[in-house]
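Student: I'd like to ask you about the structure that follows.
The values are calculated or read from the model by the stated rules, or taken from the named source; none is laboratory data. Because the structure is a prediction, the values reported are computed rather than measured. Positions of Cβ are backbone-derived with ideal geometry, glycine not excepted, and every protein chain shown enters the neighbour counts. For accessibility, only protein heavy atoms count, side chains too; no ligands or nucleic acids. Shrake-Rupley method; radii C 1.70, N 1.55, O 1.52, S 1.80 Å.
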Amino acid sequence: MIHVDESDPVGEVEPSFPHRTIEIHRDRVPSDLYEISSEELGRGKYGTVFLCRERASGLELAAKFVPCPKREDRRNMEREIDIMRTLQHPRLIQIYDAFDDGKTISIMLELILGGELFERVIGDDFELTERACTVFMRQICDGVDFIHSNSIIHLDLKPENILCLTKTGNRIKIIDFGLARHYDPDKKLQVLFGTPEFTAPEVVNFDQIGFYTDMWSVGVICYVLLSGLSPFMGDNDVETMTNVTLGNYDFNDVTFDAVSDEAKDFIQKLLVNSGSERLTAKEAQKHPWLKESAQNTELLGTKTKLKRYVIKKRWIKAVYTIIALQRMGAKIDLDLL
(Lines give C-alpha, C1' and ligand atoms only; values in the text may rest on other atoms or scores of the structure.)
Protein backbone atom coordinates (compact mmCIF):
# COMPACT_ATOMS: atom_id res chain seq x y z
CA MET A 1 0.00 0.00 0.00
CA ILE A 2 1.40 3.39 -1.03
CA HIS A 3 1.14 6.08 1.63
CA VAL A 4 1.54 9.63 0.42
CA ASP A 5 4.65 11.33 1.76
CA GLU A 6 3.08 13.97 3.98
CA SER A 7 6.06 16.30 3.80
CA ASP A 8 4.72 19.17 1.74
CA PRO A 9 6.63 19.57 -1.53
CA VAL A 10 5.49 23.19 -1.82
CA GLY A 11 8.44 25.47 -1.25
CA GLU A 12 11.00 22.66 -1.30
CA VAL A 13 14.17 23.04 -3.35
CA GLU A 14 13.68 20.64 -6.25
CA PRO A 15 15.84 19.69 -9.21
CA SER A 16 14.82 22.31 -11.73
CA PHE A 17 13.97 21.48 -15.30
CA PRO A 18 16.54 23.12 -17.62
CA HIS A 19 15.03 26.50 -18.49
CA ARG A 20 16.11 28.62 -21.41
CA THR A 21 14.81 31.43 -23.59
CA ILE A 22 12.31 29.96 -26.03
CA GLU A 23 12.27 31.23 -29.59
CA ILE A 24 10.26 29.50 -32.30
CA HIS A 25 12.62 27.95 -34.87
CA ARG A 26 11.35 28.70 -38.38
CA ASP A 27 14.50 27.67 -40.26
CA ARG A 28 14.90 24.21 -38.73
CA VAL A 29 12.75 21.14 -38.13
CA PRO A 30 12.55 19.07 -34.92
CA SER A 31 14.47 16.14 -36.41
CA ASP A 32 17.51 18.40 -36.82
CA LEU A 33 17.92 18.52 -33.03
CA TYR A 34 15.79 15.65 -31.71
CA GLU A 35 15.27 11.97 -32.28
CA ILE A 36 11.50 11.59 -32.56
CA SER A 37 10.28 8.19 -31.40
CA SER A 38 7.36 6.37 -33.01
CA GLU A 39 6.05 5.83 -29.45
CA GLU A 40 2.88 7.88 -29.14
CA LEU A 41 2.36 9.29 -25.63
CA GLY A 42 -1.03 10.82 -26.24
CA ARG A 43 -3.51 12.17 -28.75
CA GLY A 44 -5.84 15.09 -28.20
CA LYS A 45 -8.25 17.30 -30.06
CA TYR A 46 -5.50 19.55 -31.37
CA GLY A 47 -2.39 17.41 -31.71
CA THR A 48 -0.37 14.27 -31.10
CA VAL A 49 2.44 13.78 -28.56
CA PHE A 50 5.48 11.54 -29.10
CA LEU A 51 8.45 10.59 -26.97
CA CYS A 52 11.65 12.29 -28.16
CA ARG A 53 15.29 12.73 -27.15
CA GLU A 54 17.54 15.75 -27.63
CA ARG A 55 20.52 14.64 -29.71
CA ALA A 56 23.04 16.90 -27.97
CA SER A 57 22.17 16.17 -24.32
CA GLY A 58 20.20 12.90 -24.39
CA LEU A 59 17.37 14.64 -22.48
CA GLU A 60 14.05 12.83 -22.94
CA LEU A 61 11.08 15.08 -23.72
CA ALA A 62 7.54 14.99 -25.02
CA ALA A 63 7.13 16.34 -28.57
CA LYS A 64 3.69 17.77 -29.32
CA PHE A 65 2.81 18.27 -32.99
CA VAL A 66 -0.15 20.52 -33.79
CA PRO A 67 -1.31 21.04 -37.40
CA CYS A 68 -2.01 24.74 -38.06
CA PRO A 69 -3.89 24.94 -41.39
CA LYS A 70 -5.58 28.22 -40.45
CA ARG A 71 -4.17 31.54 -39.30
CA GLU A 72 -6.27 31.28 -36.11
CA ASP A 73 -4.71 27.89 -35.28
CA ARG A 74 -1.24 29.43 -35.61
CA ARG A 75 -2.18 32.41 -33.43
CA ASN A 76 -3.52 30.07 -30.75
CA MET A 77 -0.31 28.02 -30.67
CA GLU A 78 1.87 31.13 -30.64
CA ARG A 79 -0.13 32.44 -27.69
CA GLU A 80 0.26 29.12 -25.84
CA ILE A 81 4.03 29.20 -26.40
CA ASP A 82 4.21 32.83 -25.28
CA ILE A 83 2.32 32.01 -22.08
CA MET A 84 4.35 28.88 -21.30
CA ARG A 85 7.71 30.63 -21.71
CA THR A 86 6.79 32.93 -18.80
CA LEU A 87 5.60 30.14 -16.47
CA GLN A 88 8.75 28.58 -15.05
CA HIS A 89 7.62 26.86 -11.86
CA PRO A 90 7.92 23.34 -10.32
CA ARG A 91 4.11 22.83 -10.32
CA LEU A 92 3.72 23.61 -14.03
CA ILE A 93 4.76 21.66 -17.11
CA GLN A 94 7.78 23.32 -18.73
CA ILE A 95 8.43 24.11 -22.38
CA TYR A 96 11.89 23.39 -23.79
CA ASP A 97 11.78 24.23 -27.50
CA ALA A 98 9.44 25.16 -30.36
CA PHE A 99 9.36 24.84 -34.16
CA ASP A 100 7.15 26.12 -37.00
CA ASP A 101 7.57 24.63 -40.48
CA GLY A 102 4.68 26.60 -41.97
CA LYS A 103 2.15 23.79 -41.65
CA THR A 104 2.72 22.35 -38.18
CA ILE A 105 3.88 23.90 -34.93
CA SER A 106 5.72 21.50 -32.65
CA ILE A 107 6.75 22.09 -29.05
CA MET A 108 9.14 20.09 -26.91
CA LEU A 109 7.82 19.71 -23.38
CA GLU A 110 8.99 18.34 -20.06
CA LEU A 111 8.33 14.60 -19.97
CA ILE A 112 5.86 13.67 -17.23
CA LEU A 113 5.44 9.93 -16.71
CA GLY A 114 3.31 9.64 -13.56
CA GLY A 115 -0.08 9.75 -15.29
CA GLU A 116 -3.22 11.63 -14.31
CA LEU A 117 -3.68 12.35 -10.60
CA PHE A 118 -7.06 10.62 -10.39
CA GLU A 119 -5.70 7.53 -12.17
CA ARG A 120 -2.99 7.41 -9.55
CA VAL A 121 -5.18 7.71 -6.45
CA ILE A 122 -7.62 4.98 -7.54
CA GLY A 123 -4.80 2.44 -7.76
CA ASP A 124 -5.22 -0.62 -5.54
CA ASP A 125 -1.90 0.14 -3.83
CA PHE A 126 -2.76 3.78 -3.01
CA GLU A 127 -4.28 4.74 0.35
CA LEU A 128 -6.64 7.65 -0.30
CA THR A 129 -7.05 9.77 2.82
CA GLU A 130 -8.17 13.34 3.40
CA ARG A 131 -4.62 14.19 4.39
CA ALA A 132 -3.35 12.83 1.07
CA CYS A 133 -5.89 15.05 -0.70
CA THR A 134 -4.49 18.14 1.04
CA VAL A 135 -0.97 17.30 -0.16
CA PHE A 136 -2.23 17.41 -3.74
CA MET A 137 -4.56 20.41 -3.30
CA ARG A 138 -1.78 22.51 -1.74
CA GLN A 139 0.33 21.96 -4.84
CA ILE A 140 -2.54 22.78 -7.19
CA CYS A 141 -3.18 26.05 -5.34
CA ASP A 142 0.56 26.81 -5.35
CA GLY A 143 0.74 26.34 -9.12
CA VAL A 144 -2.42 28.36 -9.77
CA ASP A 145 -1.13 31.15 -7.53
CA PHE A 146 2.02 31.38 -9.67
CA ILE A 147 -0.02 31.42 -12.88
CA HIS A 148 -2.17 34.25 -11.53
CA SER A 149 0.86 36.18 -10.25
CA ASN A 150 1.97 36.36 -13.89
CA SER A 151 -1.40 37.84 -14.94
CA ILE A 152 -2.51 34.64 -16.66
CA ILE A 153 -5.74 32.64 -16.25
CA HIS A 154 -5.54 28.91 -17.07
CA LEU A 155 -9.26 28.48 -17.92
CA ASP A 156 -9.11 24.68 -18.30
CA LEU A 157 -8.32 23.32 -14.86
CA LYS A 158 -9.72 19.78 -14.58
CA PRO A 159 -8.46 16.40 -13.34
CA GLU A 160 -7.11 15.39 -16.77
CA ASN A 161 -4.81 18.42 -16.63
CA ILE A 162 -3.30 17.50 -13.25
CA LEU A 163 -0.51 14.95 -13.72
CA CYS A 164 1.83 13.20 -11.30
CA LEU A 165 5.50 13.86 -12.01
CA THR A 166 6.42 10.22 -11.28
CA LYS A 167 4.52 6.99 -10.67
CA THR A 168 5.50 6.82 -7.00
CA GLY A 169 6.17 10.39 -5.80
CA ASN A 170 3.62 12.93 -4.57
CA ARG A 171 4.53 15.89 -6.80
CA ILE A 172 2.00 17.12 -9.37
CA LYS A 173 2.18 19.21 -12.53
CA ILE A 174 -0.52 21.38 -14.08
CA ILE A 175 -0.55 20.99 -17.86
CA ASP A 176 -2.28 22.24 -21.03
CA PHE A 177 -2.22 26.01 -21.47
CA GLY A 178 -4.06 25.89 -24.79
CA LEU A 179 -7.01 27.90 -23.47
CA ALA A 180 -5.01 30.17 -21.12
CA ARG A 181 -5.26 33.93 -21.53
CA HIS A 182 -3.30 36.96 -20.40
CA TYR A 183 -5.47 39.01 -18.03
CA ASP A 184 -5.63 42.78 -17.84
CA PRO A 185 -8.00 43.92 -15.04
CA ASP A 186 -8.63 47.15 -16.96
CA LYS A 187 -10.01 45.26 -19.94
CA LYS A 188 -13.18 43.19 -19.99
CA LEU A 189 -12.41 39.56 -20.83
CA GLN A 190 -15.13 37.10 -21.74
CA VAL A 191 -14.78 33.54 -23.01
CA LEU A 192 -17.20 30.83 -24.03
CA PHE A 193 -15.18 27.65 -23.81
CA GLY A 194 -14.03 25.07 -21.28
CA THR A 195 -15.32 21.81 -19.85
CA PRO A 196 -18.91 22.34 -18.58
CA GLU A 197 -18.39 20.12 -15.52
CA PHE A 198 -15.55 22.37 -14.26
CA THR A 199 -16.53 25.70 -15.81
CA ALA A 200 -17.45 28.67 -13.62
CA PRO A 201 -20.87 30.38 -13.77
CA GLU A 202 -19.41 33.55 -15.32
CA VAL A 203 -18.14 31.54 -18.29
CA VAL A 204 -21.52 29.86 -18.83
CA ASN A 205 -23.25 33.26 -18.58
CA PHE A 206 -20.63 34.92 -20.82
CA ASP A 207 -19.89 37.45 -18.08
CA GLN A 208 -16.53 38.99 -17.25
CA ILE A 209 -13.96 36.48 -16.05
CA GLY A 210 -10.96 36.87 -13.76
CA PHE A 211 -8.50 34.90 -11.67
CA TYR A 212 -11.49 33.78 -9.60
CA THR A 213 -12.70 31.77 -12.61
CA ASP A 214 -9.87 29.27 -12.09
CA MET A 215 -10.66 29.04 -8.38
CA TRP A 216 -14.16 27.72 -9.09
CA SER A 217 -12.52 24.89 -11.06
CA VAL A 218 -10.18 24.20 -8.13
CA GLY A 219 -13.24 23.83 -5.91
CA VAL A 220 -14.86 21.33 -8.28
CA ILE A 221 -11.64 19.29 -8.52
CA CYS A 222 -11.44 19.18 -4.72
CA TYR A 223 -15.10 18.10 -4.42
CA VAL A 224 -14.54 15.21 -6.86
CA LEU A 225 -11.26 14.17 -5.21
CA LEU A 226 -12.89 13.96 -1.77
CA SER A 227 -16.11 12.24 -2.83
CA GLY A 228 -15.75 10.58 -6.23
CA LEU A 229 -18.82 12.59 -7.28
CA SER A 230 -19.13 15.49 -9.68
CA PRO A 231 -21.07 18.34 -8.02
CA PHE A 232 -22.78 19.77 -11.12
CA MET A 233 -22.81 16.89 -13.59
CA GLY A 234 -26.15 16.51 -15.38
CA ASP A 235 -27.36 14.10 -18.04
CA ASN A 236 -26.07 16.43 -20.75
CA ASP A 237 -24.02 19.62 -21.12
CA VAL A 238 -27.05 21.90 -20.98
CA GLU A 239 -28.23 20.37 -17.71
CA THR A 240 -24.72 20.53 -16.29
CA MET A 241 -24.36 24.22 -17.18
CA THR A 242 -27.78 24.94 -15.67
CA ASN A 243 -26.64 23.33 -12.41
CA VAL A 244 -23.48 25.44 -12.52
CA THR A 245 -25.34 28.73 -12.95
CA LEU A 246 -27.74 27.81 -10.14
CA GLY A 247 -24.91 26.65 -7.88
CA ASN A 248 -26.76 23.38 -7.29
CA TYR A 249 -24.55 21.16 -5.13
CA ASP A 250 -24.61 19.65 -1.65
CA PHE A 251 -22.75 17.35 0.72
CA ASN A 252 -25.65 14.96 1.28
CA ASP A 253 -24.04 11.83 -0.17
CA VAL A 254 -22.88 9.27 2.38
CA THR A 255 -19.26 9.63 1.19
CA PHE A 256 -19.16 13.06 2.80
CA ASP A 257 -19.82 11.53 6.22
CA ALA A 258 -16.09 10.73 6.35
CA VAL A 259 -15.06 14.22 5.18
CA SER A 260 -14.22 16.91 7.74
CA ASP A 261 -16.12 20.17 8.16
CA GLU A 262 -12.89 22.06 7.36
CA ALA A 263 -12.70 20.36 3.97
CA LYS A 264 -16.35 21.17 3.23
CA ASP A 265 -15.72 24.79 4.28
CA PHE A 266 -12.78 24.96 1.85
CA ILE A 267 -15.03 23.82 -1.01
CA GLN A 268 -17.84 26.17 0.01
CA LYS A 269 -15.50 29.15 -0.09
CA LEU A 270 -14.58 28.30 -3.68
CA LEU A 271 -17.94 27.25 -5.13
CA VAL A 272 -19.47 30.70 -4.66
CA ASN A 273 -21.43 32.16 -7.57
CA SER A 274 -19.97 35.63 -7.04
CA GLY A 275 -16.39 35.43 -8.25
CA SER A 276 -15.22 38.29 -6.04
CA GLU A 277 -16.25 36.32 -2.94
CA ARG A 278 -14.23 33.20 -3.78
CA LEU A 279 -10.91 32.48 -2.13
CA THR A 280 -7.92 33.57 -4.16
CA ALA A 281 -5.18 30.99 -4.73
CA LYS A 282 -3.07 32.71 -2.08
CA GLU A 283 -5.94 32.74 0.41
CA ALA A 284 -6.74 29.10 -0.35
CA GLN A 285 -3.22 28.10 0.65
CA LYS A 286 -3.80 29.75 4.03
CA HIS A 287 -7.13 28.00 4.67
CA PRO A 288 -7.06 25.92 7.90
CA TRP A 289 -7.81 22.72 5.99
CA LEU A 290 -4.61 23.05 3.97
CA LYS A 291 -2.52 24.64 6.73
CA GLU A 292 -3.33 22.19 9.50
CA SER A 293 -3.27 18.41 9.55
CA ALA A 294 -6.37 16.99 7.88
CA GLN A 295 -7.89 13.68 8.92
CA ASN A 296 -5.91 10.59 8.02
CA THR A 297 -8.92 8.28 7.80
CA GLU A 298 -8.98 6.21 4.62
CA LEU A 299 -11.76 7.35 2.25
CA LEU A 300 -12.89 3.90 1.10
CA GLY A 301 -16.33 5.01 -0.14
CA THR A 302 -14.77 7.88 -2.06
CA LYS A 303 -12.24 5.61 -3.72
CA THR A 304 -14.95 3.24 -4.95
CA LYS A 305 -16.93 6.09 -6.50
CA LEU A 306 -13.81 7.77 -7.86
CA LYS A 307 -12.97 4.54 -9.71
CA ARG A 308 -16.40 4.62 -11.35
CA TYR A 309 -15.91 8.29 -12.22
CA VAL A 310 -12.50 7.65 -13.84
CA ILE A 311 -13.72 4.57 -15.76
CA LYS A 312 -16.64 6.57 -17.17
CA LYS A 313 -14.22 9.33 -18.24
CA ARG A 314 -11.99 6.74 -19.94
CA TRP A 315 -14.97 5.41 -21.88
CA ILE A 316 -16.06 8.88 -23.02
CA LYS A 317 -12.50 9.73 -24.05
CA ALA A 318 -12.24 6.49 -26.04
CA VAL A 319 -15.48 7.27 -27.90
CA TYR A 320 -14.28 10.79 -28.77
CA THR A 321 -10.95 9.41 -29.97
CA ILE A 322 -12.70 6.94 -32.29
CA ILE A 323 -14.92 9.71 -33.68
CA ALA A 324 -11.90 11.96 -34.24
CA LEU A 325 -9.98 9.18 -36.02
CA GLN A 326 -13.02 8.41 -38.18
CA ARG A 327 -13.24 12.09 -39.18
CA MET A 328 -9.52 12.16 -39.94
CA GLY A 329 -9.93 9.04 -42.06
CA ALA A 330 -12.81 10.62 -43.96
CA LYS A 331 -10.72 13.73 -44.57
CA ILE A 332 -7.80 11.66 -45.80
CA ASP A 333 -10.11 9.77 -48.18
CA LEU A 334 -11.44 13.06 -49.54
CA ASP A 335 -7.93 14.38 -49.96
CA LEU A 336 -7.05 11.35 -52.06
CA LEU A 337 -9.98 11.88 -54.44
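Student: For Thr304 and Asp257, FRET efficiency with R0 = 22 Å and r from the beta-carbon atoms, rounded to 0.05?
Tutor: Efficiency at R0 = 22 Å is approximately 0.95.
Student: Something else now. Structure shown: which of Lys64/Lys173; Lys291/Lys313; Lys167/Lys269; Lys64/Lys167; Lys269/Lys291 lie over 24 Å apart, alpha-carbon to alpha-carbon?
Tutor: Going by Cα-Cα distance, Lys291/Lys313; Lys167/Lys269 fall outside the 24 Å limit.
Student: For the chain, what is the accessible area per residue in Å², given a 1.4 Å probe and the full set of protein chains?
Tutor: Values: 16820 Å² over 337 residues.
Here the residues of the chain average 50 Å² of exposed surface.
Student: In addition: Which residue, Val204, Val121, Val238, has the most motion in a Gaussian network model of the chain that connects Cα atoms within less than 10 Å?
Tutor: Val238
Student: For Rg and Dmax of the Cα atoms in Å, the listed values are (1) 23.9, 74; (2) 20.2, 65; (3) 22.9, 73; which was obtained by calculation from the structure presented?
Tutor: Recomputing Rg and Dmax of the Cα atoms in Å here gives the entry labelled (2).
Student: Then there is this: Give me the extension gain from Leu33 to Gln88: residue separation times 0.36 nm, minus the current Cα-Cα distance, reported in nm with one decimal.
Tutor: Result for the pair: 17.5 nm of gain on full extension.
Student: Label Arg26 and Glu54 with points 7 Å out from Cα along Cα→Cβ: what is the distance between them in nm?
Tutor: That separation, rounded to one decimal, is 2.4 nm.
Student: Here's a follow-up. Hey, what did the chain get for relative contact order, percent, Cα under 8 Å, at least 6 apart?
Tutor: Across the chain, relative contact order equals 16 percent.
Student: What is the Cα centroid distance between segment 83-153 and segment 188-226, reported in whole angstrom?
Tutor: Between the Cα centres of segment 83-153 and segment 188-226 lies a distance of 18 Å.
Student: Using alpha carbons only, how many degrees (0 to 90, rounded to 10) separate the axis of helix 211-227 from the longest principal axis of the chain?
Tutor: It works out to around 60 degrees.
Student: Show me the ranking of peptides 161-168, 243-250 by mean Cβ neighbours inside 10 Å, starting with the highest.
Tutor: By packing density, highest mean first, the sequence is 161-168, 243-250.
Student: Continuing with this model, one more query. Tell me the carbon and sulfur percent of the accessible area for segment 56-179, rounded to whole percent, probe radius 1.4 Å. Please list the in-between numbers first.
Tutor: On the way: 2040 of 4220 Å².
Carbon and sulfur: 48 percent of the exposed surface of segment 56-179.
Student: Could I ask something else about it? For the chain, what is the calculated [θ] at 222 nm in deg cm²/dmol (nearest 500), taking -39500 (n - 2.57) for each run of four or more DSSP H residues and dividing by its residue count?
Tutor: The helix contribution divided over the chain gives -12000 deg cm²/dmol.
Student: Could you give the length gained on full extension between Lys70 and Val191, defined as 0.36 nm per residue of separation minus the Cα-Cα distance, in nm?
Tutor: Values: separation 121, 0.36 × 121 = 43.56 nm, distance 2.04 nm.
Full-extension gain reported as 41.5 nm.
Student: Ordered by packing density, taken as the mean number of other Cβ atoms within 10 Å over each peptide's residues, highest first, how do 223-230, 111-118 rank?
Tutor: Highest to lowest by the protection proxy: 223-230, 111-118.
Student: With +1 on each Lys and Arg Cβ and -1 on each Asp and Glu Cβ, how big is the dipole of segment 153-239 about its Cα centre, in debye rounded to the nearest 20?
Tutor: In debye, rounded to 20, segment 153-239 gives about 480.
Student: Continuing with the same structure: Order the peptides 269-280, 18-29 from the highest to the lowest mean number of other Cβ atoms within 10 Å of their residues.
Tutor: 269-280, 18-29
Student: If you don't mind, there's one more thing I want to ask. What spacing in nm lies between the two simple spin-label points modelled at Glu283 and Lys312, each 7 Å away from Cα in the Cβ direction?
Tutor: Placing both labels 7 Å along Cα→Cβ, they lie 3.1 nm apart.
Student: In nm, give the distance between the simple-model label positions of Glu40 and Asn150, each being 7 Å from the Cα along the Cα-to-Cβ direction.
Tutor: 3.0
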